[in-house]
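A.B. asks: Take a look at this one; I'll ask things after.
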Amino acid sequence: MRTLKLVPDDTKIAFMRHRKWAFPLSAALVVLSMVLFAVNGLNLGIDFRGGTLMQIKTIEGPANIGEIRNVLSDLDLGDVQVQEFGSPQDVLIRIQQQDGGEEAQQAVVELVRGILAGTVSFERVEVVGPAVSGELTQTGILAVVASLGAVLIYIWLRFEWQFAVGAVVATLHDVLLTIGMFALLQLEFNLASIAAVLTIVGYSLNDTVVVYDRVREKLRKFKRLPIVELLDLAINKTLSRTALTSITTLLALGALYVFGGEVIASFTFAMIWGVLIGTYSSIFIAAPLLMFLKLRNTDAAKGKEEMESSSAA
């Protein structure tokens, strides 16, 4: 029985040669992401802004978005967003936070229920007050920072300090590019988005650790091999596993994005982006950083002799 191989076992791709364009490209994308975040900001969801979120379904026929928008606009509730949500009968309504605290928010819910009663069914109603939204914002930021700190400590204990710094820089690179993607496309950033960012951190770290573990193995085996050749060798040895993991993950996420509906669309899109960026960073960012952090000095001639003797054995 033949097994499927996405990547041959004996690849000899010179990945380190591409660091000359990978580093400038990544630096430019990180700067662009920060600029987009500063200029556009994030399209914060109700979780972080506070307000009311209502998902309704029309009882008879497709929803008339324009009519629902006009009816709610006459209520003088401030910023009201009405959009189709999945099927033609499903509608998502977002209403800005009202002055007057939680009681005012609940009054909005009852008002909308009264106006639309008999024509729609209410599938979901969420009310988030300003205190809760502020607490969620602080907790979300703390979760991301804590995860990066845990990465630093974990890698530092398991590997040398160069590996820890490289892993954190690569992971931070992925987080910043993900934030930039949200700022550019203005996808709704909510608690599910925080979950996506944390999942991306875990995926990127796992990919990086696999590469680093193979680098450490080759460091012990070829003590004098030039670091450029050693990194290329380690990445090529993990390339088949990396490709298989990334492709199978993308297939699952692609199915979720297409068939999962609007509720998880931003989450799955962020995950797809994160898998692509995480795979890229583990190869073109995390590994080359070991060279710049002076992981070790090598003797090229002795290293080649060592490789040849190992192959002969």
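A.B. asks: Give me the residue from region 204-226 that is surrounded by 22 or more Cβ atoms within 10 Å (Cβ to Cβ) and touching a Gly at 6+ places or on another chain (Cβ under 9 Å) and, out of that set, farthest from W161 (Cα to Cα).
C.D. replies: Of everything passing the filter in region 204-226, L225 is farthest from W161 (Cα to Cα).
A.B. asks: On the given criteria, is A14 within 30 Å of L177 (Cα to Cα) and at pLDDT 85 or above?
C.D. replies: no
A.B. asks: Say whether the condition of being closer than 24 Å to T245 by Cα, modelled with pLDDT of 85 or more and assigned by TED's automatic domain parsing to the domain that holds L244 is met by at least one residue in region 24-38.
C.D. replies: yes
A.B. asks: Is at least one residue of region 269-276 surrounded by fewer than 21 Cβ atoms within 10 Å (Cβ to Cβ), free of Cβ contacts under 8 Å to residues at least 24 places away in the same chain and touching a helix residue (DSSP H, G or I) at 6+ places or on another chain (Cβ under 6 Å)?
C.D. replies: yes
A.B. asks: Filter region 10-49 down to residues that are within 23 Å of I227 (Cβ to Cβ) and of a type in the set (D, E, K, R) and give me whichever is surrounded by the most Cβ atoms within 10 Å (Cβ to Cβ).
C.D. replies: R19
A.B. asks: For F122, work out the one condition from (1) buried (at least 19 other Cβ atoms within 10 Å of the Cβ); (2) closer than 29 Å to T137 by Cα; (3) touching a residue at least 40 places away in the same chain (Cβ under 8 Å) it doesn't fulfil.
C.D. replies: Failing condition for F122: (1).
A.B. asks: Among the residues of region 13-50, write down those that are among the charged types (D, E, K, R) and within 30 Å of V125 (Cα to Cα).
C.D. replies: Of everything in region 13-50, those that are among the charged types (D, E, K, R) and within 30 Å of V125 (Cα to Cα) turn out to be D47, R49.
A.B. asks: Right, here's the next one. Applying the selection to region 8-28, what residues are in a helix (DSSP H, G or I), in contact with a helix residue (DSSP H, G or I) (Cβ under 7 Å, 6 or more places away or on another chain) and of a type outside the set (F, W, Y)?
C.D. replies: M16, H18, R19, A22, S26
A.B. asks: Same structure again: Just name the residue that is nearest to I285 (Cα to Cα) out of those in region 29-85 that are in a strand (DSSP E or B) and among the polar types (S, T, N, Q).
C.D. replies: Restricting to residues being in a strand (DSSP E or B) and among the polar types (S, T, N, Q), the top hit is N43.
Here is a yes/no grid of residues against (1) at pLDDT below 85; (2) within 14 Å of S281 (Cβ to Cβ); (3) not assigned by TED's automatic domain parsing to the domain that holds A286:
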{"position": "W161", "(1), (2), (3)": "yes, no, no"}
{"position": "V169", "(1), (2), (3)": "no, yes, no"}
{"position": "L191", "(1), (2), (3)": "yes, no, no"}
{"position": "D207", "(1), (2), (3)": "no, yes, no"}
{"position": "V228", "(1), (2), (3)": "no, no, no"}
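A.B. asks: Collect the residues in region 150-159 that are closer than 15 Å to S204 by Cβ and either at pLDDT 80 or above or not assigned by TED's automatic domain parsing to the domain that holds A286 (or both), keeping them in residue-number order.
C.D. replies: A150
A.B. asks: Name every residue in region 236-268 that is of a type in the set (A, V, I, L, M), within 22 Å of E217 (Cβ to Cβ) and surrounded by fewer than 19 Cβ atoms within 10 Å (Cβ to Cβ), in order of residue number.
C.D. replies: Matches in region 236-268: A243, L244.
Yes/no matrix, rows are residues, columns are (1) at pLDDT 80 or above; (2) of a type in the set (K, R); (3) in a helix (DSSP H, G or I):
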| site | (1), (2), (3) |
| --- | --- |
| E103 | no, no, yes |
| Q106 | yes, no, yes |
| L111 | yes, no, yes |
| I115 | yes, no, yes |
| R124 | yes, yes, no |
| G134 | no, no, yes |
| Q138 | no, no, yes |
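A.B. asks: Show the residue pairs that are 6+ apart or on different chains and have beta-carbon atoms under 7 Å apart, the first residue being within region 90-112 and within 25 Å of I65 (Cβ to Cβ), the second being among the small types (G, A, S) and in a loop (DSSP other than H, G, I, E, B).
C.D. replies: Note: pairs meeting the criteria are V91/A63; Q96/G78; Q97/G50; Q105/G129.
A.B. asks: I'd like to know if region 288-307 contains one or more residues that are of a type in the set (S, T, Y) and modelled with pLDDT of 90 or more.
C.D. replies: There is no residue in region 288-307 that is of a type in the set (S, T, Y) and modelled with pLDDT of 90 or more.
A.B. asks: Further, regarding this structure: Counting just the residues of region 258-269 that are in a helix (DSSP H, G or I) and modelled with pLDDT under 90, which one comes out nearest to D207 (Cα to Cα)?
C.D. replies: If we take residues in region 258-269 being in a helix (DSSP H, G or I) and modelled with pLDDT under 90, then F267 is nearest to D207 (Cα to Cα).
A.B. asks: Also: Restricting to region 72-97, name every residue that is farther than 17 Å from R113 by Cα, out of contact with any strand residue (DSSP E or B) (no Cβ under 6 Å at 6 or more places or on another chain) and among the acidic types (D, E).
C.D. replies: E84
The values are calculated or read from the model by the stated rules, or taken from the named source; none is laboratory data. Just so you know, these numbers come straight off a predicted model, no measurement behind them. All Cβ positions, glycine included, derive from the backbone under ideal geometry; neighbour counts span all protein chains shown.
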